[in-house]
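Asks: Right, I'll just put the structure down here and ask away after.
Any read-out appearing in this document is the output of simple, stated calculations on the displayed coordinates, not a laboratory observation. Bear in mind the structure is a predicted one, so any value in this text is a computation, not a measurement. Every residue, glycine as well, gets a Cβ built from its backbone with ideal geometry; the counts of neighbours run over all protein chains shown.
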Amino acid sequence: MRFLARVGLAARGVMYVIIGSIAIQIAFGSSRRQADRTGALHLVGGSRFGAIALWLLVIGFIGLALWRLSEAIYGSPGSDGQKASSRLAALARTVIYAVVAYGVLKYALGIGGPQSSNQQSVDLTATAMRHPGGQAAVVVAGLAFIGGGLYLAYSAWQKHFLKRLHVSQMRARTRRIVEWLGRAGGIARGAIFVTAGVFLVIAAVRAQPQQAKGIDASLRALATTPLGPWLLLVVAIGLIMFGAYSCCEARWQRL
């Protein structure tokens with residue numbers, strides 16, 4: 001299980017690095033790929049060793065799902081890991097990584113890839129809003145995304161992630177680098193959650209499901225702010241840094 005967890009964290013890191021790299025290209029106007037999981041899989045699949053890389057990603061995300069499931073059942077290291085809230089959070093992550101693993105598996109088998117994050121957001125929002133109370137539910141979901149993003153950014157700034165790492169095994173310089181990567185990467189990741197949440201709320205208030213945005217559209221929306229593509233560039237670099245931090249987790253995570 002420890003091996004699967006570490007492989008999974010590395011796979012997640014690679015995915016974020018690729019998404020961030022695509023986003024940098026978008027900022028400079030040199031890419032039409034989607035800056036999300038779908039775009040990353042297309043890029044990996046089209047590489048020289050694409051088939052091997054895709055299957056490594058499949059193994060990695062299945063490993064992540066199984067690891068989080070074990071935490072939901074048995075709890076994670078530390079006193080906080082035994083709390084009901086921690087186990088529920090682990091269960092939620094299990095579902096997320098299982099969905100990701102299924103999408104990557106389908107693409108590796110050549111029977112279809114995962115739907116773009118943009119289309120998924122629009123479809124889910126439209127489906128929810130067709131039901132009684134759906135509009136309110138979408139608002140709540142959007143606020144939850146905003147709150148979650150702010151918490152991720154705050155937690156990263158406060159360096160709470162160090163509690164999950166074997167920092168005593170790091171050299172002083174290595175620790176400083178890991179802190180830097182975790183802080184900047186976590187804040188960038190939080191910014192994407194906040195942006196997606198804002199658009200969910202807008203979609204619900206205006207009763208326009210097409211206003212909902214996935215990762216790709218949320219990143220592109222940053223380029224339309226007064227700061228222009230520079231804000232997108234900063235967040236994209238942050239996502240790459242989070243990918244690098246995730247690889248550090250694969251090495252030093254408490255399991």
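Asks: What list do you get for 109, 143 if you sort them by fewest beta carbons within 10 Å? Don't skip to the end; give the middle numbers.
Replies: Values: 109 11, 143 15.
Starting with the residue having the fewest Cβ neighbours, the order is 109, 143.
Asks: If you look at just the Cα atoms of segment 117-255, how large are its Rg and its Dmax in Å?
Replies: 17.3, 56
Asks: Which whole-angstrom value gives the distance between the alpha carbon centres of segment 87-105 and segment 183-199?
Replies: 20
Asks: Quick one: order 155, 218 by neighbouring beta-carbon count within 10 Å, fewest to most.
Replies: Exposure proxy ranking, most exposed first: 155, 218.
Asks: Please identify the DSSP H helices in the chain that span no less than 15 Å along the helix axis (Cα) and have a mean Kyte-Doolittle hydropathy of 1.6 or more.
Replies: Taking the DSSP H segments of the chain (at least 15 Å long, mean hydropathy at least 1.6), we get 50-74.
Asks: Kirkwood hydrodynamic radius of segment 203-255 from all distinct Cα pairs, in Å?
Replies: Values: mean 1/r = 0.0751 Å⁻¹.
Evaluated over segment 203-255, this radius sits at 13.3 Å.
Asks: Something else now. Project the alpha carbons of the chain onto their principal axes and report the range along each, largest first, in whole Å.
Replies: 51, 45, 40
Asks: So for segment 1-123, considering every pair of alpha-carbon atoms, how many percent are separated by more than 24 Å?
Replies: Working: 2497 of 7503 pairs.
In whole percent, the long-distance tail amounts to 33.
Asks: Here's another thing I want to ask about it. Counting other beta carbons within 10 Å of each Cβ, put 171, 12 in order, fewest first.
Replies: 171, 12
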